[in-house]
1. Which angle between 0 and 90 degrees, to the nearest 10, do you get for helix A:3-14 versus the longest principal axis of chain A when only C-alpha atoms count?
2. Show that you can apply the helix-only estimate: for chain A, add -39,500 (n - 2.57) for every DSSP H stretch of four or more residues, divide by all residues, and state [θ] at 222 nm to the nearest 500.
3. Average partner chain C-beta neighbours within 10 Å, per residue of A:56-63?
4. Kindly express, to the nearest 10 degrees and within the range 0 to 90, the angle between helix A:76-87's C-alpha long axis and the longest C-alpha principal axis of chain A.
5. So if we plug the beta-carbon distance of B:Thr87 and B:Arg49 into 1/(1 + (r/R0)^6) with R0 = 22 Å, what FRET efficiency do we get, rounded to 0.05?
6. Amide H neighbours of A:Lys64 under 5 Å, counting only residues 5+ apart in sequence or on other chains, H built in-plane at 1.01 Å?
7. Compute the relative contact order of region A:17-151 as a whole-number percentage, counting only Cα pairs closer than 8 Å that sit 6 or more residues apart in sequence.
8. Given region A:3-43 reduced to its alpha-carbon atoms as identical point scatterers, what log10 I(q)/I(0) does the Debye formula return at q = 0.30 Å⁻¹?
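The values are calculated or read from the model by the stated rules, or taken from the named source; none is laboratory data. Every value quoted in this text rests on a predicted model; they were computed, and no experiment measured them. Every residue, glycine as well, gets a Cβ built from its backbone with ideal geometry; the counts of neighbours run over all protein chains shown. Ligands, DNA and RNA are stripped out before the accessible areas are found, and what is left, the full protein with its side chains, is counted by its heavy atoms. Shrake-Rupley method; radii C 1.70, N 1.55, O 1.52, S 1.80 Å.
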Protein chains: 2
Amino acid sequence: MDKIDSKLLRLLQQDASRTNPELAAEVGLSPSSCLRRIRRLHEAGVIDRIVAILNPAKAGRTMKAIITVELERHGEQYIRRFLDMATREPAVIQAYSVSGETDAILMLRLKDMDELDALTERLFREETNVARYYTAFVIRTGKETTEIPVG
Amino acid sequence: MDKIDSKLLRLLQQDASRTNPELAAEVGLSPSSCLRRIRRLHEAGVIDRIVAILNPAKAGRTMKAIITVELERHGEQYIRRFLDMATREPAVIQAYSVSGETDAILMLRLKDMDELDALTERLFREETNVARYYTAFVIRTGKETTEIPVG
DNA sequence: ACTTCTGTGCAATAAAATTGCATGGCGGCG
DNA sequence: CGCCGCCATGCAATTTTATTGCACAGAAGT
């Protein structure tokens with residue numbers, strides 16, 4: 001993981017559609033060497049995967065909501081059960097168990113209110129062990145990146 | 001946006017490193033047609049970008065934290081100012097202004113506690129107009145996808 | 001029924017990815 | 001201090017993929 005690797009990671013996190021010769025030129029290597037480094041980063045698991053990021057509005061998912069959840073019983077197995085249930089929902093794009101007052105935080109990507117209604121109905125009925133939950137709607141997105149600082 | 005487009009979007013959201021001939025076979029099209037569809041999705045902005053997703057642990061950013069923020073003065077311009085400031089922090093990977101009790105929610109990707117300390121020092125000093133903030137550390141990640149449900 | 005538009009497959013061409021091989025730098029060891 | 005081995009690099013050859021022109025077929029509209 002030298003300087004060149006870091007630069008490659010930064011570039012690929014910003015735009016992985018670039019061709020190898022382009023990347024090679026950017027970091028000052030020959031295409032073959034550059035390719036081998038990228039492959040090595042893949043194999044080492046530093047690069048987990050390459051994905052397409054959609055424009056939510058144009059993909060028909062305009063609403064975003066963040067729900068903080070407090071459970072009734074806080075045992076590890078209960079939290080796990082709730083997280084598993086939340087994870088199965090396609091609209092849930094992030095699901096975490098967290099420290100502090102709240103037990104879990106969910107990030108949702110929704111089409112409309114009806115979808116939220118149906119989802120909360122499924123996740124927060126009595127037998128799901130949820131004591132309280134707070135729904136916050138995203139008004140403005142200041143930043144939303146998949147980029148992790150490297151180096 | 002027919003069935004084939006949706007399938008392409010699903011596939012590309014899961015793995016955009018696939019070659020065009022592979023994708024074409026998956027959706028039952030010739031490579032050239034498939035490529036043209038993908039290009040069209042790009043041009044239409046449905047596909048925003050192609051990025052590499054790193055393994056946070058292997059990239060040296062193991063900690064994740066979520067901070068909910070309440071501002072002292074809630075005016076639009078204050079919220080905007082705070083969001084802008086948060087956005088400039090590389091460790092902040094998501095920054096939203098939200099409805100409800102809290103004004104903003106930040107998602108952080110951190111190397112260690114020192115980094116968090118330094119960051120809170122910068123973001124939550126007196127003149128930043130923050131009344132209260134709650135830091136929740138992510139204990140377990142149940143789900144974390146960039147995939148938006150399509151179709 | 002005719003025209004038009006749009007998407008498709010095929011084939012040719014250009015570009016990129018992949019691999020073998022030889023070279024050179026760098027660190028460890030004698 | 002010099003020798004040896006290791007690893008990354010660049011070059012070149014080969015395979016694979018991306019790209020584009022072209023003609024055709026189906027759907028929609030006139």
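1. The two axes meet at around 50 degrees.
2. -11500 deg cm²/dmol
3. Mean shielding count: 4.
4. 70 degrees
5. So, using R0 = 22 Å, E works out to roughly 0.75.
6. A:Leu110, A:Val138
7. Relative contact order, region A:17-151: 26 percent.
8. For region A:3-43, the Cα-only Debye profile gives -1.17.
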